[in-house]
Amino acid sequence: MTTESTSTPSERAPREPRERELREPRELHELRWILIMAWRDARAGRARLALFATTVMVGVAALVAISGFSATLEDAVVREAKTLLGADLVLSRQQPWDAEDQAWLQPLEAETLRRVRLSSMALFPRTGESRLVEVVAVEPGYPFYGELVTEPAAAVSSLAMPGDALIDRTLMLQYDLVPGDEIRLGQATFRIAGGLVRVPGEAPAAALVAPPVFVPLSQLDATGLLAFGSRASFSLLLRTARSQPELDDWLEANREGLRARSARAETAARRQERIGRMLDDLYRFLHLGALAALLLGALGVASAIHLHVQRKLSLVAVLRCLGVPPRVAPRIYLAQATAIGVVGSLAGAALGVAIQVALPMALEPFLPLQVGFSWQPLAIGQGVLTGCLVAVLFALPPLLSLRRVPPLLALRATALHEGLGGAGTPALAHGLLAAGVVVAAMVQTRDALTGLAISAALGVVLAALWGLARTMRAVARRVISASWPYPWRQGVANLYRPGNQTLVVLVGLGFGAFVLMTLYVSQATLLGGVQTLSRENRADLLLFDVQSDQVEGVREVLRETQVEVDQQFPIVPMRLRSLRGVMADTIDDPTIPRWALRMEYRVTYGASLRPIEEVVAGTWEPQGSPIGSGSPAPISLERELAETLQVGIGDELVFDLQGVEVPTQITSLRQVDWEEAQPNFFVLFPAGVLEDAPQQTVFVGWAGTPERSALAQRRLVERFPNVSVVDLGTILRTIESVLDKVRFAVRFLAGFALAAGLAVLVVSLSLSALQRRRESVLLRTLGASRPQLRRIALVEFAALGGLAAAAAAVLATGAGWALARWGFDTELVVPWRGLAIVAAGLTAATVVIGLLASRRTVRRPPLEVLRAEG
């Protein structure tokens, strides 16, 4: 029998751990010891560590929700590319397609459907009201892919029934319409069969200005809307067995055929690419909100760990006295920080998945397709990993300072209050932290330059807040006067005493407030022009598509209804044929956007400039020669369009006017005030060039009252059904409703940053109260009353919150100015009153949270606290 078998359990117990220690590698043994110490140390402060984890949770929740939503939306765009287009190939132009065109398309062996789009006024006979709508005339079977969603569902079959129409559901609600009511389009009257809930490839917000009305194509001629000069788009939808590469090859081989027919082509792949580009801005906006929330959460971890290790300095000194190497203590608390990151990230991932369900509802008006919830394991994994890494990176600088704790600190209790700060922290830790932020910004913005720019801007803001906090501490030390009331002196002194939270609170709260206020300033800047327009604009009616033989009749109707005509403009539609001798459809320069080369330019002419136009380069020539005279017409180009097309004074452009070439030469560049509620033009011709060209006329009028405006619209619809009348008051209200949805989306995302900022604030002020506990007890012992302690805390937290909010307002104004100048290219609008309200609210929140965090310390008896501290 062996010795081990004959020994008693009491003899074996002490020997087994020692034997296991000998068998284990030294590194593994050290790791086990670190984890055990981290767990034992954390048992006394689990609630506090859980509070730290909430700062990570909010940021990861935003990251997982937005990343998951973006991935779901991208998958849906790829999966439903053909549904978004409704066909494999769509060919569109301004003239009807004929039998010759059908023969040209014969090699594709495709099924075809026809679609015609045009704007028109709609009259609702039951109510007598009218509204600008987009008439969409289609053949039965439209679309090839996807389906029109209607209410009731069976109403979609009405497109095969003569005399029936489907109208936008929102329009039905707005004008109190029900199925069975009538709608008059031009000279024809249709029965409303149902409401359109969703049209494939169309975002709901796009229908707010001109809601769609679908009618059978066979009934379009009866409306009389396809008169000469009507702005209609004729499309052929094709469904073919050809693959996407084959379609691309066919389009490349038939570029001349498309140009000769003045047609543009769009495939499902191109529609997917276009929507992808459109959604890229949305993705960047969403991910920036998530990045701000994540960085705020990481900042909360850094501040929490900094304060946490300050309370553990005596314990670290004792460990050093017992022979623990300097490298071990930081690893103990690094394990705790890692645990905080893991727990917070997992909780944030769960919350993010729940938010992902609600996010499509907030953004539905801006999406071209319906997006439901789908599991995105990659987004969840990336969110959890990013949260853990960012938490650890932000915790490294304060943790590495523990390596410098001397054993003597265990014997000198007074030295504990000096703290270690962040001085001397290795540059490697800060370098890793900066690199982590830059990489996170690049990943979230999906662009290296944008990520670098945002990282630099965030660095400037954080540096400014840090410098302000240091300055505040220095100033507070010097401004205190003996003549001040005692609570004031103590509250201000707390801003620079050992254990002060000036840096943590100012940087954390200031950064969160900066994010919120920047969004607020940007929103005010973008909406400023619309709000000014709604207050100061005199014109309230806009009439377009008035044909030359209708001008006098329209003026007569306006006189009868007491509508004053402010301005009258001729409009001639044409397209850009060549640019400096190069055919526009052959230019493949990524710096020149395709829309500028392919759009239909609606130009005007005259012998003088309007008050809202100013020549900024060259000389305006008021007179030119007729088309065909052999000399190019001198034109004035809008300055920004010239920059877009990369042209200047003296360059030649050739326009296509219904097949007739119109050579021109740029002789001047104009600055146009686009915020004015009247037609503005990219291209201005002089008098004597386009008078004989096919043209339309636009009227800008002033009715003055809703009653006169409604009467004028009704009379015009009855006499001139092709004339479109825009009630600018309705348009402004429509734009405001769109902007309300934008505000909601912005505030929804800002809520993540606000929640993260509040979490940082709660952590910082809660730990501040713990740091002040011994000081409060000493003051209580010396005779200070509870109201005095509350007033001291009130002064300290009011100073912190007020200065942080003020600094954030200044920085947000600067950021708003930069965005207005380089991002939005408009004038900065600073909502001073709104910023003041936000600043006051943030200051009040700081005070309330700080007082609540201090309440327990103030209420407890001094002896109880001293025993607990001992």
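The values are calculated or read from the model by the stated rules, or taken from the named source; none is laboratory data. Computed from a predicted model, the values in this text were never measured in an experiment. Backbone-built Cβ (ideal geometry, glycine too); neighbour counts: all protein chains shown. Just the protein is used for accessible areas: all its heavy atoms, side chains included, with ligands, DNA and RNA removed. Shrake-Rupley method; radii C 1.70, N 1.55, O 1.52, S 1.80 Å.
Filtering the range 425-449 down to residues that are over 30 Å from residue 405 (Cα atoms) and out of contact with any Gly (no Cβ under 7 Å at 6 or more places or on another chain), which residue is surrounded by the fewest Cβ atoms within 10 Å (Cβ to Cβ)? Steps first, answer last, please.
Kept after step one, since they are over 30 Å from residue 405 (Cα atoms), are these residues of the range 425-449: 438-449.
If we keep only those that are out of contact with any Gly (no Cβ under 7 Å at 6 or more places or on another chain) too, we end up with 439-440, 443-444, 446-449.
Numbers: 439: 15, 440: 24, 443: 15, 444: 25, 446: 13, 447: 14, 448: 11, 449: 9.
So, considering only residues that are over 30 Å from residue 405 (Cα atoms) and out of contact with any Gly (no Cβ under 7 Å at 6 or more places or on another chain), the one surrounded by the fewest Cβ atoms within 10 Å (Cβ to Cβ) is 449.
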Taking the range 385-407 and keeping residues under 30 Å from the mean Cα position of the chain (by Cα) and open to solvent by 30 Å² or more (accessible area, probe 1.4 Å) leaves 385, 386, 389, 392, 393
Scanning the range 714-725 for residues that are over 40 Å from the mean Cα position of the chain (by Cα) and surrounded by 22 or more Cβ atoms within 10 Å (Cβ to Cβ) gives 716
Counting only residues that are under 20 Å from residue 809 (Cβ atoms), touching a helix residue (DSSP H, G or I) at 6+ places or on another chain (Cβ under 9 Å) and open to solvent by less than 90 Å² (accessible area, probe 1.4 Å), the range 464-484 contains a total of 5
Checked 610, 602 against criteria (within 36 Å of the chain's Cα centre (by Cα), open to solvent by 30 Å² or more (accessible area, probe 1.4 Å), closer than 21 Å to residue 666 by Cα and at pLDDT below 85); the one match is 610
Note on the range 572-597: residues free of Cβ contacts under 8 Å to residues at least 60 places away in the same chain, open to solvent by 70 Å² or more (accessible area, probe 1.4 Å) and either of a type in the set (D, E, K, R) or assigned to a loop (DSSP other than H, G, I, E, B) (or both) are 588, 590, 591, 594
If we keep only residues of the range 152-161 that are at pLDDT below 85 and of a type outside the set (Gly, Ala, Ser), then the residue farthest from residue 88 (Cα to Cα) is 161
Checking 369, 389, 393 in turn, the sole residue that is farther than 26 Å from residue 440 by Cβ and either of a type outside the set (Asp, Glu) or at pLDDT 70 or above (or both) turns out to be 369
ask   = Is it the case that some residue within the range 640-657 is surrounded by 17 or more Cβ atoms within 10 Å (Cβ to Cβ), of a type in the set (A, V, I, L, M, F, W, C) and free of Cβ contacts under 8 Å to residues at least 40 places away in the same chain?
value = yes
If you go through 660, 654, the only one that is among the β-branched types (Val, Ile, Thr) and in contact with a strand residue (DSSP E or B) (Cβ under 6 Å, 6 or more places away or on another chain) is 654
For the range 542-554, pairs from a residue that is among the small types (Gly, Ala, Ser) and assigned to a helix (DSSP H, G or I) to a residue that is open to solvent by 30 Å² or more (accessible area, probe 1.4 Å) and modelled with pLDDT under 85, with Cβ under 6 Å and 6 or more apart or across chains, are none
Q) Do we find a residue being open to solvent by 10 Å² or more (accessible area, probe 1.4 Å) and at pLDDT below 85 anywhere in the range 211-223? A) no
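Could you please let me know if residue 452 is within 20 Å of residue 812 (Cα to Cα), open to solvent by 50 Å² or more (accessible area, probe 1.4 Å) and either among the small types (Gly, Ala, Ser) or without any contact (Cβ under 8 Å) to a residue 40 or more places away in the chain (or both)?
On the way: within 20 Å of residue 812 (Cα to Cα): yes; open to solvent by 50 Å² or more (accessible area, probe 1.4 Å): yes; either among the small types (Gly, Ala, Ser) or without any contact (Cβ under 8 Å) to a residue 40 or more places away in the chain (or both): yes.
Spelling it out, residue 452 is indeed within 20 Å of residue 812 (Cα to Cα), open to solvent by 50 Å² or more (accessible area, probe 1.4 Å) and either among the small types (Gly, Ala, Ser) or without any contact (Cβ under 8 Å) to a residue 40 or more places away in the chain (or both).
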All-but-one check, residue 838 against (1) open to solvent by 30 Å² or more (accessible area, probe 1.4 Å); (2) within 21 Å of residue 673 (Cα to Cα), failing number (2)
Residue 669 fails exactly one of (1) at pLDDT 85 or above; (2) open to solvent by 30 Å² or more (accessible area, probe 1.4 Å); (3) over 25 Å from residue 118 (Cβ atoms), namely (2)
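Test residue 238 against the criterion of being touching a residue at least 12 places away in the same chain (Cβ under 8 Å), open to solvent by less than 50 Å² (accessible area, probe 1.4 Å), under 39 Å from the mean Cα position of the chain (by Cα) and at negative phi, and give yes or no.
Working: touching a residue at least 12 places away in the same chain (Cβ under 8 Å): yes; open to solvent by less than 50 Å² (accessible area, probe 1.4 Å): yes; under 39 Å from the mean Cα position of the chain (by Cα): yes; at negative phi: yes.
Yes, satisfied.
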Counting only strands (runs of 3 or more DSSP E) entirely within the range 123-193, those with at least 2 residues that are open to solvent by 10 Å² or more (accessible area, probe 1.4 Å) and under 30 Å from residue 706 (Cα atoms) are 129-138, 182-185
Of the residues in the range 98-153, those that are among the small types (Gly, Ala, Ser) and without any contact (Cβ under 8 Å) to a residue 24 or more places away in the chain come to 99, 103, 153
Checked the range 701-713 for anything within 24 Å of residue 681 (Cβ to Cβ) and surrounded by fewer than 22 Cβ atoms within 10 Å (Cβ to Cβ); matches are 702
